[in-house]
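Starting off with a structure, shown below.
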Amino acid sequence: MPKNLKFNKKVLINVTLLFFVCLSLIAFGALRVSYTQPIVLSDAKLIHIKEGDSLNSICHRLTQDNFINDCIGVKVLSKIDSRIGQIKKGVYALTPNTPLNEFVANLNEGKEQQFPFTLLEGENIYQVLTKLNSTVFLDNDLESDSLEEVSTKLSLATNTPEGWLYPDTYYYSAYTKASALLSRAVVKQKEVLTQLWQQKQSDLLVKTPYEALILASIVEKESSLASERKLIASVFHNRLVKRMRLQTDPTVIYGVWDEYKGDITRKHLKQKTPYNTYRINGLPPTPIANPSRASIEAVLNPAVSDYYYFVASGTGGHVFNSTLAEHNKSVQDYLKQMKLQKKNRLEKGSNE
């Protein structure tokens with residue numbers, strides 16, 4: 001074979017190989033651009049992935065909504081690597097400028113959008129159950145349950161879950177059961193209570209962790225300032241030592257919760273309920289709210305004081321007294337201040 005012919009054949013093969021290499025690089029680059037293209041939208045959105053949805057169908061939806069330009073990268077690469085097409089159902093976040101491949105990775109790994117649910121310090125179980133009814137993407141399996149049934153679902157030995165929900169923000173994925181969400185709060189509250197119980201003062205009148213939870217819930221409802229928690233706890237501790245009734249309004253309110261309209265009345269104070277600490281001795285039968293860690297700690301390690309009374313100061317805190325005479329004077333001072341504040345508000349309103 002002539003040398004020129006051999007040379008030309010070799011050149012042709014090399015050129016052909018180079019052509020296919022270049023073509024492959026261009027194709028790979030195009031696939032990469034397609035697969036990593038940013039999701040274009042002005043605000044974050046949620047996308048529902050249902051059972052039976054395929055990656056191609058989801059990609060088609062994104063194309064129709066003009067969030068991405070094409071699905072070429074997704075279609076080709078999911079055929080090359082079948083794992084890319086294995087997606088998990090749920091509700092996922094679409095955020096502006098997120099690369100498409102990152103969104104696909106979230107679908108592969110089941111990294112669903114997380115929704116917050118906040119249990120506030122001092123909330124009671126009735127308020128929590130009401131809030132669950134309006135919580136988005138939550139499967140409320142507690143909606144028609146009695147308090148005892150709720151307790152059973154939360155694996156509690158008490159006939160009410162009151163007090164057992166640790167105040168915090170908990171995150172959940174769509175269609176999580178409400179019982180599963182609240183169970184996490186129960187576990188946290190039990191951990192906190194167990195830990196703080198081991199650090200309690202030795203001379204307390206509260207003899208069980210549950211009694212501590214009950215008293216802590218009362219301190220929580222009475223404490224408008226964090227700095228006063230231990231003083232308020234000391235008042236209740238001192239009254240229990242003297243076998244004095246606790247006489248605290250929040251327990252009265254809890255006992256008449258269904259009829260309470262925002263103002264406590266003389267009728268409420270006289271009404272005999274298991275929670276009316278003006279009528280019963282000692283602690284009520286259950287907590288009246290979900291206490292914070294700080295309130296539990298205050299009850300288990302109260303301040304040392306000779307106070308037996310406190311009343312609102314009218315400026316956000318409380319005035320503490322050792323004798324009934326001092327307390328009665330503080331009550332009168334408070335009422336005068338409230339009257340003056342009301343007068344000032346009326347005068348201000350008439351001048352506007």
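For the chain, what is the charge dipole size about the Cα centre, in debye to the nearest 20, if Lys and Arg each add +1 at the Cβ and Asp and Glu each add -1 at the Cβ? Can you show the working numbers first?
On the way: 43 positive and 35 negative charges, 145 e Å.
Charge dipole, the chain, about its Cα centre: 700 debye, nearest 20.
While we're here: Along the charge dipole of the stretch 308-352, Cβ charges K/R +1 and D/E -1, which of Asn344, Leu324, Ser313 sits furthest on the positive end?
So the residue furthest toward the plus end is Asn344.
Also: Treating only the Cβ of Lys, Arg, Asp and Glu as charged (+1, +1, -1, -1), what charge dipole size does the stretch 213-258 show about its Cα centre? Round to the nearest 20 debye. Display every interim value, and only then the final one.
Details: 7 positive and 5 negative charges, 71 e Å.
Result for the stretch 213-258 is approximately 340 debye, rounded to the nearest 20.
Would you mind checking Lys261/Lys336; Lys190/Lys272; Lys50/Lys79; Lys261/Lys343 for any pair whose Cα atoms are more than 29 angstrom apart?
Values: Lys261/Lys336 24 Å; Lys190/Lys272 31 Å; Lys50/Lys79 21 Å; Lys261/Lys343 24 Å.
From Lys261/Lys336; Lys190/Lys272; Lys50/Lys79; Lys261/Lys343, over 29 Å: Lys190/Lys272.
Of Leu41, Val74, Gln86, whose Cα points farthest to the positive end of the dipole of the stretch 35-98 (charges on the beta-carbon: +1 Lys, Arg; -1 Asp, Glu; origin at the Cα centre)?
Of the listed residues, the answer is Gln86.
Which listed residue (His60, Thr135, Ile253) has the Cα farthest towards the positive end of the charge dipole for the chain, taking +1 on Lys and Arg C-beta and -1 on Asp and Glu C-beta about the Cα centre?
His60
Run the paramagnetic zone check for Asp139: 7 angstrom along Cα to Cβ, then residues of the stretch 64-104 with backbone nitrogen under 16 Å.
Label zone hits: 89-91.
If Lys and Arg each add +1 and Asp and Glu each add -1, what is the summed charge of the other residues whose beta carbon sits under 13 Å from the beta carbon of Asn238? Please report the intermediate quantities before stating the final value.
Numbers: positive: Lys230, Arg239, Lys242, Arg243, Arg245; negative: Asp203, Asp306.
Local charge sum for Asn238: +3.
Work out how far the C-alpha atoms of the stretch 84-229 reach from end to end along every principal axis, then list the three figures in whole Å, largest first.
Its Cα atoms span 63, 35, 27 Å along the three principal axes.
Sort out the exposed loop chymotrypsin sites (Phe, Trp or Tyr not before Pro) in the chain (DSSP loop, at most 16 other Cβ within 10 Å) and tell me the longest stretch that has none. Write out the running numbers ahead of the final one.
Details: sites that count: Phe137, Tyr175, Trp257, Tyr260, Tyr278.
The longest uninterrupted stretch comes out as 1-136.
Under a no-solvent Debye model with one identical scatterer per Cα of the chain, what's log10 I(q)/I(0) at q = 0.08, 0.09 Å⁻¹?
-0.62, -0.71
Based on the Cβ-Cβ distance from Asn66 to Gln198, what FRET efficiency comes out when R0 is 56 Å, to the nearest 0.05? Write down the numbers at each step before the final one.
Details: r = 60 Å, r/R0 = 1.07.
Computed FRET efficiency for Asn66 and Gln198: 0.40.
No value in this document is a laboratory result; all are computed from the given coordinates. As the structure is a computational prediction, the values presented were derived from the model and not from experiment. With ideal geometry, Cβ positions are generated from the backbone for all residues, glycine too; neighbour counts draw on all protein chains shown.
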